[in-house]
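The values are calculated or read from the model by the stated rules, or taken from the named source; none is laboratory data. In this text, all values refer to a predicted model and were calculated from it rather than measured experimentally. All Cβ positions, even for glycine, are placed from backbone atoms using ideal geometry, and neighbour counts span all protein chains on display.
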Number of protein chains: 2
Amino acid sequence: MDKDKKQAPGALFAVPLTPAEYERFGALVTKRTLSQMRSLYADQAAVEDRLAREDPIIYEVYELPHPYDETDLLVNITCLYPGRVGDEYYMTKGHFHARPDSAEAVIGLSGEGELVVQNRAGEVRKLSVRPGQISYAGGGWGHRDINTGNDPLVFLAISGANIVHDYETAARLNFRKRGN
Amino acid sequence: MDKDKKQAPGALFAVPLTPAEYERFGALVTKRTLSQMRSLYADQAAVEDRLAREDPIIYEVYELPHPYDETDLLVNITCLYPGRVGDEYYMTKGHFHARPDSAEAVIGLSGEGELVVQNRAGEVRKLSVRPGQISYAGGGWGHRDINTGNDPLVFLAISGANIVHDYETAARLNFRKRGN
């Protein structure tokens, strides 16, 4: 982190909570396609069949461009499209937080879905994600969002900017009960 | 902080973002009355005149009761009532963050107001607070909310749970330009 930068006060902005307004504000947009997360779906035949025809965008992350250091908050918007691969809903990759293993809060903006969480012992639980509601996963819960509806699920995700994303543990446990 | 507690995964909940739902969920409610913050208003005659008649509640903070440690996020709702004392709008006490001097994000839920920020050099700026918008003050910006409308200003404030609130610096600088 840039220690010199912290001599000055931090970022200051106000922006409406929509993907379009974030993009107008200069957000970095990352698109995740099925081919980039093919191993996460249970029905590999359905994945291959789909990819033979098309490589759909599963979700987009809108990341604000403000300069930040470890004292900031991440306040990114995700747009998770509706759809299924085999019997599974479209999902985000999911991740744990490492160093520190800290909390994430999700605020639904439009659409309906679930925050699927799993701890390192393998226990799985679900929280609903919907507009006007906060869904909160404290440290130790890896988390993945799934879109259970027919419209895009748009949500704000908030965590400390000091976290390191751990995608490997999430991919290994993959939000499934042990023994399945 | 309780190190033993962190052996287990952290809090897990979903709750609608309204004061009533937070209270139903067991939130701790703190009421701030004019007499508790009388020194913050510029027009001391107006303060004394008002207090001779009544001691109005200026705002209420709804704090979720989930157990937390320094890896959590604070996700409290504030209801700031409409009104004035002399020429000044009803306001929150305001605070800086100390150790670490980290960010705060405010998301408007209903009503209209402003997030007034001030750095330690005395510079003052304002951000609007309104429903569906995120207003963000990085580290180094003390912050106070004011209600500029006719209805209660209800907002969600988010910060790391590892912060220490510094009310003294905010009361000393008091969100006024130096020389005023």
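Odds and ends about this structure:
- Evaluating B:F175 against the criteria (1) within 12 Å of another protein chain (Cβ to nearest Cβ); (2) closer than 15 Å to A:L12 by Cβ leaves one unmet condition, (1).
- Of residues in the range A:158-170 being within 11 Å of chain B (Cβ to nearest Cβ) and either assigned to a strand (DSSP E or B) or aliphatic (A, V, I, L, M) (or both), the one surrounded by the fewest Cβ atoms within 10 Å (Cβ to Cβ): A:A161
- Condition broken by B:L40, with the remaining ones in (1) farther than 25 Å from B:N162 by Cα; (2) modelled with pLDDT of 95 or more; (3) of a type outside the set (G, A, S) satisfied: (2)
- Near pairs, Cβ below 9 angstrom, 6+ apart or cross-chain, from the range B:32-57 (over 15 Å from B:E88 (Cα atoms)) to any residue that is of a type in the set (D, E) and outside any loop (DSSP other than H, G, I, E, B): B:R32/B:E60
- All told, A:N76 meets the bar of being closer than 24 Å to B:D69 by Cα and under 14 Å from the mean Cα position of the chain (by Cα).
- Highlighted here are the strands (runs of 3 or more DSSP E) found entirely within the range A:1-94 that include at least 2 residues which are within 14 Å of chain B (Cβ to nearest Cβ) and surrounded by fewer than 20 Cβ atoms within 10 Å (Cβ to Cβ): A:12-16, A:73-80.
- Within the range B:73-131, tally of residues that are of a type in the set (V, I, T) and farther than 23 Å from A:G108 by Cα: 5
- Complete set of residues in the range A:107-138 that are crowded, with 23+ Cβ neighbours inside 10 Å, within 21 Å of B:D69 (Cα to Cα) and among the small types (G, A, S): A:S135, A:A137, A:G138
- Selected residue (criterion: modelled with the lowest pLDDT) from residues of the range B:95-151 that are more than 9 Å from every other protein chain (Cβ to nearest Cβ) and part of a loop (DSSP other than H, G, I, E, B): B:R99
- Inter-residue pairs, beta-carbon under 7 Å, first at pLDDT below 85 and in the range B:62-74, second of a type in the set (A, V, I, L, M), 6+ apart: B:P65/B:A27; B:P65/B:L28; B:H66/B:A11; B:P67/B:A11; B:Y68/B:A11; B:Y68/B:A161
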